[in-house]
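The values are calculated or read from the model by the stated rules, or taken from the named source; none is laboratory data. Keep in mind the model is a prediction, meaning the values are calculated, not measured. Don't worry about glycine lacking a Cβ; one is built from the backbone with ideal geometry, like all the others, and counts go over all protein chains shown. Accessible surface is based on the protein model in full, side chains and every heavy atom, while ligands, DNA and RNA are left aside. Shrake-Rupley method; radii C 1.70, N 1.55, O 1.52, S 1.80 Å.
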Amino acid sequence: MSRPPSETASAFVALVETVARLRRECPWDREQTSKSIMPFLIEETYEVLEALEAEDPAEVRGELGDLLLQILLHAEIASERGEFDVRDVIEAVRTKMVRRHPHVFAELAVAGKNEVLENWSRIKAEERRAKREDSSVLAGVPASMPALLRAERLGEKASRVGFDWPDAPSVLAKVREEVGELEAALAAGSADEIEAELGDCLFALVSLGRKAGVSAELALTRTLERFVCRFREIEAELERRGRSAHESSLEEMEALWQEAKRR
């Protein structure tokens, strides 16, 4: 599905004008600040991810629109303060993409996607040095990201300079090593050591998923959904028997769990 750029531009301009009018005429929108709408930006991002996971095009379209609205609201608020406007946002990201893709917009030859990622990392580090910012290979991963996702991104960045295991079986051996250290920490009973070793196990498992081409964040999300679904089935079956989970034994709930798992 492709439309002429002029139609897309017209629709975008109309939305920008709609957001500006909301800021002028709607009492609620007018009172909002960049900080007050931060939670909505986070919420809408997660709703986009849920729609993508559900593979529902209509839902994805709607949620992407909600996320775009949040972006435009932030840009409009900044414009009112004289900081930047949505055109500056667009130009900044377009310029960045051109600069970081010299194999597309210049004459740099690359052998494959690995070289593309290496060039991206190098160019990004050069940009940071020019701005006197943190130029570490690991820079640019927000500390506020969900921990599993942050671990995956940090591992990816380190791998671009060769600091990585060669393959998934090598990481699996590291996972086993970390589990052994966790067992020792549990035996010692030190909460600090247990926390540290548990963290090492989780980081190793994230790396295992990354080397196997699986996102640990999505893997855990899907596991949690299965857990919720199966546990609700247990509750439903117990309710049919005139009981509740509070009134049932672990053995009974485990048997119902296995039935739900088989289904």
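Phi angles across segment 99-115 convert, under the Karplus curve 6.51 cos²θ - 1.76 cosθ + 1.60 with θ = phi - 60°, into 3J(HN,Hα) values of 5, 8, 10, x, 6, 9, 9, 10, 10, 6, 8, 10, 8, x, 5, 4, 5 Hz, Gly and Pro given as x.
Given a 1.4 angstrom probe, I'd like the percentage of the accessible area of segment 86-231 that is carbon and sulfur, rounded to a whole number. Before the final figure, lay out the partial values.
Details: 5660 of 9580 Å².
Its accessible area is 59 percent carbon and sulfur atoms.
For I71, I123, the ranking by accessible surface with the largest value first comes to I71, I123, using a 1.4 Å probe.
Quick check on segment 142-183: take the gyration tensor over C-alpha atoms, sort the square-rooted eigenvalues as a ≥ b ≥ c, and tell me if it's rounded (a/c under 1.5), prolate or oblate. It comes out oblate by the Cα gyration axes.
The heavy atoms of W165 present about 80 square angstrom of accessible area, all protein chains included, probe 1.4 Å. Label point of A245 set 7 angstrom out along Cα-Cβ; within segment 203-238, amide nitrogens under 15 Å from it belong to 224-238.
What is the angle, in °, between the Cα long axis of helix 191-211 and the longest principal axis of the Cα atoms in the chain? Nearest 10 is fine, range 0 to 90. That helix lies at roughly 60 degrees to the long axis. In this simple spin-label approximation, R94 and V214 carry label points 7 Å from Cα along the Cα→Cβ vector, and these lie 4.2 nm apart. What does the C-alpha gyration tensor say about the overall shape of segment 1-56? Classify as rounded when a/c is under 1.5, otherwise prolate if a/b is larger than b/c, or oblate. Verdict is oblate for segment 1-56.
Loop-resident GluC sites (Glu not before Pro) (DSSP state other than H, G, I, E or B) in segment 50-124 with no more than 14 further Cβ atoms inside 10 Å of their Cβ: E55, E83, E107.
Using a Cα distance threshold of under 15 Å, what count of lysine pairs results for the chain when pairs must be 8 or more residues apart or interchain? Intermediate results must be reported in sequence, preceding the final value.
On the way: K96/K124; K96/K131; K113/K157; K124/K157; K157/K211; K174/K211.
Lysine pairs satisfying the spacing and distance rule in the chain number 6.
Once the 1.4 Å probe is applied to the protein heavy atoms, the chain comes out at 69 Å² accessible per residue.
Normalising the average separation of contacting C-alpha pairs (under 8 angstrom, six or more residues apart) by the number of residues puts the relative contact order of the chain at 9 percent.
Put a dot 7 Å past the Cα of F231, heading toward its Cβ, do the same for E118, and the two dots end up 4.7 nm apart.
Compared with the direct C-alpha span, the chain from E183 to R61 gains 39.2 nm at full extension, assuming 0.36 nm per residue.
Could you tell me the calculated FRET efficiency between R222 and E156, based on Cβ-Cβ distance and R0 = 25 angstrom, to the nearest 0.05? Working shown, then result.
Details: r = 21 Å, r/R0 = 0.82.
Calculated transfer efficiency: 0.75.
In degrees between 0 and 90, to the nearest 10, how far off the longest principal axis of the chain does helix 168-188 point, with axes built from Cα atoms? So the inclination is approximately 60 degrees.
Given a 1.4 angstrom probe, I'd like the percentage of the accessible area of segment 1-51 that is carbon and sulfur, rounded to a whole number.
Working: 2420 of 3900 Å².
Solvent-exposed carbon and sulfur of segment 1-51 make up 62 percent of the total.
What is the extension gain from A54 to L108, computed as 0.36 nm multiplied by their sequence separation minus the C-alpha to C-alpha distance, in nm to one decimal? Separation in residues times 0.36 nm, less the Cα-Cα distance, equals 15.6 nm.
Under 1.5 on a/c is rounded, so check that first for the chain, then, if it is not, pick prolate when a/b is larger than b/c and oblate when it is not; a ≥ b ≥ c are the square roots of the alpha carbon gyration tensor eigenvalues.
Details: a/c = 2.12, a/b = 1.31, b/c = 1.62.
Oblate, because a/c is 1.5 or more while a/b does not exceed b/c.
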